[in-house]
Amino acid sequence: MAGRCVNHFDIVARFYDRALRYRGPERLVDLLQARPSERILDIGGGTGRVSQIFSCGYMVVVYDLSIGMLQQARRKGMILCRGSAECLPFADGSFDRALMIDAFHHFRDQHAAAQEALRVLRPGGRLVIEEPDVRHWAVRLIALGEKLLFMRSHFYSIADIVSIFDRAGAKIVAIDDKSGGNVRLAAEKKVTN
């Protein structure tokens, strides 16, 4: 296996949903403001544990780099696509809504991932980002653990995430940092005339 990178998510994929249940879907639904029949892209969506909330009435694509995670999403009947968040294989404006739930810190280049997420959104489309809040000591321990496992994760502060998406051309429309260990941001792709 010399020269091959270990994908930690392929290893944990079978247990992921049981170990990390998604809490707070009501707030996510409120922030995303998706309407039936809209196209939703779940970037770094893994097993589809979050986007399955939208499985009825929406066209949802789970996009992830991990084959193991996507195999679990396939069992849920999700539409799948594999690749990196920094180079999305979709045309400009292909989606109405997008999600990045507990994934942004895993991307290799967060700036490129933010630009790509906005590129594939239609003008006025909305993206919800949910990330562990580095102001909490438990999140700092998780960040340290991921570094020790050579996961190349990079956790950002709320201000840094806002700055990254602002520079990518987003308008931040909501910040929810009252959930304990996570922060949620809603951003919209600016409409240009």
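The table below gives the values:
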quantity: Residue match in the range 143-151 (condition: in contact with a Leu (Cβ under 6 Å, 6 or more places away or on another chain) and either of a type outside the set (Phe, Trp, Tyr) or modelled with pLDDT under 80 (or both)); calculated: no
quantity: Candidates ILE11, ILE43, filtered to the one that is modelled with pLDDT of 70 or more and either touching a strand residue (DSSP E or B) at 6+ places or on another chain (Cβ under 9 Å) or not hydroxyl-bearing (Ser, Thr, Tyr) (or both); calculated: ILE43
quantity: Subset of the range 85-120 [among the aliphatic types (A, V, I, L, M), out of contact with any Asp or Glu (no Cβ under 6 Å at 6 or more places or on another chain) and surrounded by 22 or more Cβ atoms within 10 Å (Cβ to Cβ)]; calculated: ALA85, ALA98, MET100, ALA103, ALA114, ALA117, VAL120
quantity: Selected residue (criterion: surrounded by the most Cβ atoms within 10 Å (Cβ to Cβ)) from residues of the range 68-81 that are under 18 Å from PHE107 (Cα atoms) and out of contact with any helix residue (DSSP H, G or I) (no Cβ under 6 Å at 6 or more places or on another chain); calculated: LEU70
quantity: Residues within the range 49-65 that are within 22 Å of HIS105 (Cα to Cα) and either at pLDDT below 85 or part of a helix (DSSP H, G or I) (or both), tallied; calculated: 2
quantity: Any hit, the range 43-62, residues being more than 12 Å from the chain's Cα centre (by Cα), under 17 Å from LEU118 (Cβ atoms) and in contact (Cβ under 8 Å) with a residue 40 or more places away in the chain; calculated: no
quantity: Matching option when the condition is among the aromatic types (Phe, Trp, Tyr), modelled with pLDDT of 85 or more and farther than 17 Å from ARG184 by Cβ, among PHE104, PHE165, PHE90; calculated: PHE90
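The values are calculated or read from the model by the stated rules, or taken from the named source; none is laboratory data. On a predicted model such as this, the values are computed, not experimentally measured, just so you know. Virtual Cβ from ideal backbone geometry, glycine too; neighbours counted across all protein chains shown.
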